[in-house]
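Worksheet: one structure, shown below.
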Amino acid sequence: MFLFGKSKRNDPNALRSGTVEREPSRMFAVPSDPDSITDTDEVHARLHNTDELRFSQTKEAPFTVTYKGTEYVFDTADVEFGLEEDDPSLGALNERECETVVGAGHAFGVEMLYADNNMDSYHLQVKLLNMLVPEMAALYDENACRAHSGRWARMTAESRVAPSPDYMYTIHAVNDDTNDTDSVWLHTHGLTRCGTIELEILGADLYNWQELGNSLNQIAHRLVGDNQFIDEMEPKRMGKAADGRDIVVTWQRSEWSFRDFPKNIVGGPSDRNEEHSLNMGVIYLYESEDDQLDGKITPITKWAEILSENAVFFKTTSETRRMKALAQERVGWLRRLYDELPEKQIIVKIGLKPDPEHGFDDDQYEYIWFEADELRADGFTATLTQDAFYVRGMVAGVRRECRYDEIVDWRVMTDTDSFSPDNIYKYM
């Protein structure tokens, strides 16, 4: 049995800040060899001090480990485990990994409470599981209802760079084909371990749910990466629409939001069980500064078409540094894919210095995708794929000489796959 209990609804005053009691994070390693986790003492004996991790003791749970100067307490357990063959979370696994997970019977789990830095905490938990079960077939994240390949877990554990914040959560899209509505309910799972509410969008439909789901992902990604949340009704500038308007986001608790939508909407009061009633907030927008002053909020669904037309969501400087560090750590894979894949398209994200009149800080850049041509040892030529907002003359079609150390992110696309620094394990 694990050490920590389940989270509960916070009092209304706490909820106004978007802050809730942290739910313990539970992840499970499904071993390739079931015998490798039968002896718990033997599993615990795999814990050892490294240049990254320092354990107070490695004999008996609960354990205390120090990572990046922060102390964490974690518990372990050998648990019964198995997923059904049609479980949607299996989509990230290959055929052999799926077979192992479905027939597993048991898995080895790590439970811990996260500290203030969300992604450092998440990264540590993956590192611990990889240390305890080094030959895992898959990792299952219970909070996010999400399975990951053991190949991803090993590569992530060995990296000095934390994975993207969007690994922290999953977005579920729910439609009721028995109800006389085409509405789709979008909501996250996994954020409460960060001590924040889960986010949702009410009123999406069968035509715009994918665009709105992408917007929800960008908003959640930003808030997880910021390691802080916004108060209820507090405005936060998140990006810019293609028509030049700012994307200013806020939220309102779910029970106060139902009045803004039809009664038969999917995700309404009748669709809520306990899990989907606690600590949740609906995403809204402020359409103008006057709306912010008046407290007039607009459901984000009203902007579905606008957001689908090349809207730009901003990333923090710290997130951009993380992305660049991972892209640079794995830039050798970009060169390898270029050499080994006969037919591919390569795009790279490069930071451009904004023009002075826009008032950006010295360490801020506008990040734009380029399509790369032939990769040379000393660099490459690339063609801009979109217009820049803040750099004169940088419009789609402009060609530019680029260096590898300028790359912040990259993609290599074929007819059947898309590879990136985050998912290059698929090519292993």
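The values are calculated or read from the model by the stated rules, or taken from the named source; none is laboratory data. Not measured: the values here are computed from a predicted model. All Cβ positions, glycine included, derive from the backbone under ideal geometry; neighbour counts span all protein chains shown. All accessible areas refer to the heavy atoms of the entire protein, side chains included, with ligands and DNA or RNA removed. Shrake-Rupley method; radii C 1.70, N 1.55, O 1.52, S 1.80 Å.
What to note about this one:
- Within the range 164-215, the set of residues being of a type in the set (D, E, K, R), open to solvent by less than 30 Å² (accessible area, probe 1.4 Å) and more than 23 Å from residue 123 (Cα to Cα) comprises 200 only.
- Complete set of residues in the range 232-264 that are in a loop (DSSP other than H, G, I, E, B), open to solvent by 10 Å² or more (accessible area, probe 1.4 Å) and farther than 13 Å from residue 284 by Cα: 242, 243, 244, 245, 262, 263, 264
- Residue in the range 207-227 that is outside any helix (DSSP H, G or I) and hydroxyl-bearing (Ser, Thr, Tyr) present: yes
- Evaluating residue 221 against the criteria (1) buried (at least 22 other Cβ atoms within 10 Å of the Cβ); (2) within 30 Å of residue 51 (Cα to Cα); (3) touching a Phe, Trp or Tyr at 6+ places or on another chain (Cβ under 9 Å) leaves one unmet condition, (1).
- Residue match in the range 48-66 (condition: over 25 Å from residue 326 (Cα atoms), touching a helix residue (DSSP H, G or I) at 6+ places or on another chain (Cβ under 9 Å) and touching a residue at least 60 places away in the same chain (Cβ under 8 Å)): yes
- Entry remark, the range 138-163: residues being surrounded by fewer than 19 Cβ atoms within 10 Å (Cβ to Cβ) and either under 15 Å from the mean Cα position of the chain (by Cα) or at positive phi (or both) number 2 in total.
- From the options 22, 16, 46, 9, residue that is open to solvent by 30 Å² or more (accessible area, probe 1.4 Å), at pLDDT 95 or above and of a type outside the set (S, T, N, Q): 46
- Residues in the range 360-375 that are without any contact (Cβ under 8 Å) to a residue 12 or more places away in the chain and assigned to a strand (DSSP E or B) were compared, and the one that is surrounded by the most Cβ atoms within 10 Å (Cβ to Cβ) is 373.
- Residues satisfying the stated conditions in the range 272-324, i.e. free of Cβ contacts under 8 Å to residues at least 24 places away in the same chain, exposed (fewer than 14 other Cβ atoms within 10 Å of the Cβ) and not in a loop (DSSP other than H, G, I, E, B): 289, 290, 293, 294, 302
- Within the range 376-390, the residues that satisfy the criterion of being surrounded by 18 or more Cβ atoms within 10 Å (Cβ to Cβ) and either at pLDDT 90 or above or closer than 30 Å to residue 97 by Cβ (or both) are 380, 382, 384.
- Considering residues of the range 391-428 that are outside any loop (DSSP other than H, G, I, E, B) and of a type in the set (Ser, Thr, Tyr) only, the residue surrounded by the most Cβ atoms within 10 Å (Cβ to Cβ): 404
- Given (1) assigned to a strand (DSSP E or B); (2) touching a residue at least 40 places away in the same chain (Cβ under 8 Å), number of the condition residue 101 does not satisfy: (1)
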